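Encoded as structure tokens, the structure appears first; notes follow it.
The values are calculated or read from the model by the stated rules, or taken from the named source; none is laboratory data. The model shown is predicted, which means the values in this text are computed figures rather than measured ones. So basically every Cβ, Gly included, is an ideal-geometry build from the backbone, and we count neighbours across all protein chains shown.
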Amino acid sequence: MSIFDNLHLAVRTRNLDDGGSSSGFNLTVNVDATDILDKNFSVDLEKGEATLLGGPFPETLDSNLLTNTSVRLGIRGDDAWSPQDVLLFGLAFERNELAALAMETELTDNLRTDDREGKLTMPIRLVDRGSSSTLIRRVLLIVDTIWQHFTDTETDSPIELEIRAGGNLVLLQEIANTPQPDLEAGKSNWYPLDAGVPFTRADVLANGGITLRIKGDDAWKPMRLFLFGLYTATGRPNEVVSLVSLPVWPHGWMSSDTKEGKPSVELDVVSM
Amino acid sequence: MALVDDLILVAKTRDEEDAGTDNQHNLTVTIDGVDFFNLDFPFGGGQGDGLGRGETGYQENDFLGAIGPTPWWVATPFESNDLTQSSIRLGIRGDDAWAPHHVLLIGRVPPEWSPGRSVPLAIETDLANWLSTDPDEGHLTMRMRLVGQGNGATLIRRVLLVVYTSRQDNADTESDVQLQIAAGGSIVMTHKITHGFGRGKAYLHFLDVDTPFTRDDIESDGIDLSILGADAWLPGAIFVFGLDTESGRPNEMVTLVAIRSWGLGWLSTDDDEGKSSVPLPLSI
């Protein structure tokens, strides 16, 4: 199945002076001459910062109808934005299915309505969804932290992602002190993590698992979490494998202090 | 196989309040995720005069004679067969909202020897949308659907005339101008245009035909352009396309005349100033 009812756009801003922007974004998805999506997003991004936009799709999207010219990201203002990475992915809530649809990485162009400083729009090329046997050399963790009134949902404690596959530990990475506003309330994070040993989704399902843990007692409450496996060790991946889809975080607070939350949670592998 | 190495964009603004714009436009042509063409341009030719209500803008490269105001080469020629219905988008670079009425993209296909031929690539007609960078005022970009190029047997039920008057001194005219087409032994269309032609200005007209015809039916010297007054006129470029539909957006457009660099002299009923009529050569 390739029918999705939710569409999400994750972006990461380049970590350079004036890389951020408060100009709104515009996302168009065109299928056979019809703009099935023409959506504006309000954003306010600092340099190095990521965000996760999106929500329900006006109509269902059949990703099989998309072409490499279907998806374009544009900007609505003259506050130039320097994107580094862009990922568009679809969700099917009822089936709990996740799929990366289009992706660009390591971008060098700016977007701006003023033609002297950047392009108005740029294409986002499709990526293949891969399969359970696709070799995964990196993973991409996209997570955001919930914002609640009078509640300290963010954390200064490091978090750690562990992936086991085929009975082996293939990835163990601590995340702390990146150029992004790490795990702050109301903020999104984009974390690419190298696998120590290439693995497959099938290996994770057969004899493995995915664990997220917090390594401190500064309690943290995520809001959404998505994990993708990337086929290439560097550069733009041509295959992006879905691993975890938590559009609504179900595990509550996390903390090494068990009175405040769970020190670790097992993340279920999503269907493809 | 048709390799396109440059483009002409013709756009007419709706004739309604605030429809015009001073903002630059942006055209992208994307094939398989790669922007082969991504250019910003002022329809006013960089003179700051924008595109007014009801006006038609004309943009092309100046490869063949500096007709258009802005160079418009396609850096990497593209194969027109590789275009999809999602490939071509027209956008705007500012918040002075623009109301397009008709938009036409023409490509030049170079043969082994010049002058090449011009083919319609995409068209939208009778638009009702607005373009603006302000999300409260319009879309940022709009798609332009591909149009078929028809053939000699395509039944032509309407004609689209695109005229660009030269920028030479005194090229403009207040005289009426007439386009006539003869096909299959009879006159199938005669239209008189009475609005005058401003210097450096473009015009776009959909013209009904009296009798549907085909390109193959058109006789030698069967397309005639006449001036009906003594106020001499110097065109800069003229295109005549045959459309397969009687109204609305065409599915196929047959190129009948494609003169990108007018070389047929001045037109005037005053013999001292020009010819009163010229046959327009059928496009190759």
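Determine whether region A:96-105 contains at least one residue that is touching a residue at least 12 places away in the same chain (Cβ under 8 Å), more than 14 Å from every other protein chain (Cβ to nearest Cβ), more than 19 Å from A:Thr234 (Cβ to Cβ) and surrounded by 21 or more Cβ atoms within 10 Å (Cβ to Cβ). The answer is yes; a qualifying residue exists. Given the options B:Val188, B:Val240, name the one that is buried (at least 16 other Cβ atoms within 10 Å of the Cβ) and either under 17 Å from the mean Cα position of the chain (by Cα) or outside the structural domain of B:Val162 (by TED's automatic domain parsing) (or both). Answer to the check: B:Val240.
Yes or no: A:Ile142 more than 18 Å from A:Asp38 (Cβ to Cβ), modelled with pLDDT of 95 or more and buried (at least 18 other Cβ atoms within 10 Å of the Cβ)? Give the derivation first.
Numbers: more than 18 Å from A:Asp38 (Cβ to Cβ): yes; modelled with pLDDT of 95 or more: yes; buried (at least 18 other Cβ atoms within 10 Å of the Cβ): yes.
Yes, satisfied.
Just to check your reading of the model, which residue among B:Arg249, B:Arg215 is crowded, with 16+ Cβ neighbours inside 10 Å and basic (Lys, Arg)? Write out each step before concluding.
Numbers: B:Arg249 fails: crowded, with 16+ Cβ neighbours inside 10 Å.
Checking each option against the conditions leaves just B:Arg215.
For region B:193-200, state whether one or more residues are modelled with pLDDT of 95 or more, in contact with a Gly (Cβ under 9 Å, 6 or more places away or on another chain) and not assigned by TED's automatic domain parsing to the domain that holds B:Gly107. No, because not a single residue in region B:193-200 is modelled with pLDDT of 95 or more, in contact with a Gly (Cβ under 9 Å, 6 or more places away or on another chain) and not assigned by TED's automatic domain parsing to the domain that holds B:Gly107. Against the numbered list (1) outside the structural domain of A:Gly261 (by TED's automatic domain parsing); (2) under 30 Å from A:Ser255 (Cβ atoms), A:Met103 comes up short only at (2).
Tell me the residue from A:Arg213, A:Arg236 that is closer than 21 Å to A:Asp144 by Cβ and either out of contact with any His (no Cβ under 8 Å at 6 or more places or on another chain) or crowded, with 17+ Cβ neighbours inside 10 Å (or both), please. Only one candidate qualifies: A:Arg213.
Restricting to region B:78-93, name every residue that is within 18 Å of the chain's Cα centre (by Cα) and either charged (D, E, K, R) or within 7 Å of chain A (Cβ to nearest Cβ) (or both). Within region B:78-93, B:Arg89 is the sole residue that qualifies. The requirement of being closer than 30 Å to B:Ser268 by Cβ, under 16 Å from the mean Cα position of the chain (by Cα) and in contact (Cβ under 8 Å) with a residue 60 or more places away in the chain is satisfied by B:Leu204. Per the listing A:Gly90, A:Gly74, the residue uniquely on the phi < 0 side of the Ramachandran plot and either assigned by TED's automatic domain parsing to the domain that holds A:Pro181 or in contact with a helix residue (DSSP H, G or I) (Cβ under 9 Å, 6 or more places away or on another chain) (or both) is A:Gly90. Just to be sure, is A:Ala33 aliphatic (A, V, I, L, M), surrounded by fewer than 18 Cβ atoms within 10 Å (Cβ to Cβ) and not assigned by TED's automatic domain parsing to the domain that holds A:Gln180? Considered against the rule, which asks whether it is aliphatic (A, V, I, L, M), surrounded by fewer than 18 Cβ atoms within 10 Å (Cβ to Cβ) and not assigned by TED's automatic domain parsing to the domain that holds A:Gln180, A:Ala33 comes out as yes. Being more than 14 Å from chain B (Cβ to nearest Cβ), farther than 26 Å from A:Thr13 by Cβ, part of a loop (DSSP other than H, G, I, E, B) and out of contact with any Phe, Trp or Tyr (no Cβ under 6 Å at 6 or more places or on another chain) is the requirement here; does A:Ser157 meet it? In short, no. For region A:91-105, filtering for residues that are in a loop (DSSP other than H, G, I, E, B) and more than 15 Å from the chain's Cα centre (by Cα) leaves 4. Scanning region B:50-77 for residues that are under 16 Å from the mean Cα position of the chain (by Cα) and either part of a strand (DSSP E or B) or modelled with pLDDT of 90 or more (or both) yields B:Leu51, B:Gly54, B:Glu55, B:Thr56, B:Gly57, B:Tyr58, B:Gln59, B:Glu60.
The single residue among B:Asn81, B:Asn151 that is at pLDDT 85 or above, closer than 15 Å to B:Ala2 by Cα and not assigned by TED's automatic domain parsing to the domain that holds B:Val29 turns out to be B:Asn151. Would you check which residues across region A:214-225 are in contact (Cβ under 8 Å) with a residue 60 or more places away in the chain and either not in a loop (DSSP other than H, G, I, E, B) or not acidic (Asp, Glu) (or both) and list them? The answer is A:Gly216, A:Ala219, A:Trp220, A:Lys221, A:Pro222, A:Met223, A:Arg224, A:Leu225.
Listed here are the residues, each with its yes/no results for (1) more than 27 Å from A:Asp115 (Cβ to Cβ); (2) hydroxyl-bearing (Ser, Thr, Tyr); (3) modelled with pLDDT under 95.
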position	(1), (2), (3)
B:His102	no, no, no
B:Glu112	yes, no, yes
B:Pro115	yes, no, yes
B:Val119	yes, no, yes
B:Ile123	no, no, no
B:Ala128	no, no, no
B:Ser132	no, yes, no
B:Pro135	no, no, no
B:Gly138	no, no, no
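Meeting the requirement of 2 or more residues that are in contact (Cβ under 8 Å) with a residue 24 or more places away in the chain and away from every other protein chain (no Cβ under 14 Å), the strands (runs of 3 or more DSSP E) wholly within region A:1-90 are A:3-13, A:50-62.
Condition check ((1) part of a strand (DSSP E or B); (2) at pLDDT 95 or above; (3) over 22 Å from A:Leu98 (Cβ atoms)) across all residues:
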residue: A:Ile210; (1), (2), (3): yes, yes, no
residue: A:Leu227; (1), (2), (3): yes, yes, no
residue: A:Ser242; (1), (2), (3): yes, yes, no
residue: A:Ser245; (1), (2), (3): yes, yes, no
residue: A:His251; (1), (2), (3): no, yes, no
residue: A:Thr258; (1), (2), (3): no, yes, yes
residue: A:Val269; (1), (2), (3): no, yes, no
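Restricting B:Ala183, B:Ala171 to residues that are out of contact with any helix residue (DSSP H, G or I) (no Cβ under 7 Å at 6 or more places or on another chain) and under 25 Å from B:Arg260 (Cα atoms) narrows the list to B:Ala171.
For region A:115-131, the candidate set comprises residues that are closer than 14 Å to B:Arg93 by Cα and at the interface with chain B (Cβ under 7 Å from one of its Cβ atoms); within that set, the residue that is surrounded by the most Cβ atoms within 10 Å (Cβ to Cβ) is A:Leu120. Looking at the structure I just gave you, is B:Asp224 under 25 Å from B:Glu174 (Cα atoms) and surrounded by fewer than 19 Cβ atoms within 10 Å (Cβ to Cβ)? Criteria met by B:Asp224. When the residues of region B:263-284 are filtered to those that are part of a strand (DSSP E or B) and within 23 Å of the chain's Cα centre (by Cα), the one that is surrounded by the most Cβ atoms within 10 Å (Cβ to Cβ) is B:Leu267. Here region B:94-106 is the region considered, the condition is being closer than 12 Å to B:Val147 by Cα and not β-branched (Val, Ile, Thr), and the residue that is nearest to the other protein chains (Cβ to nearest Cβ) is B:Leu105.
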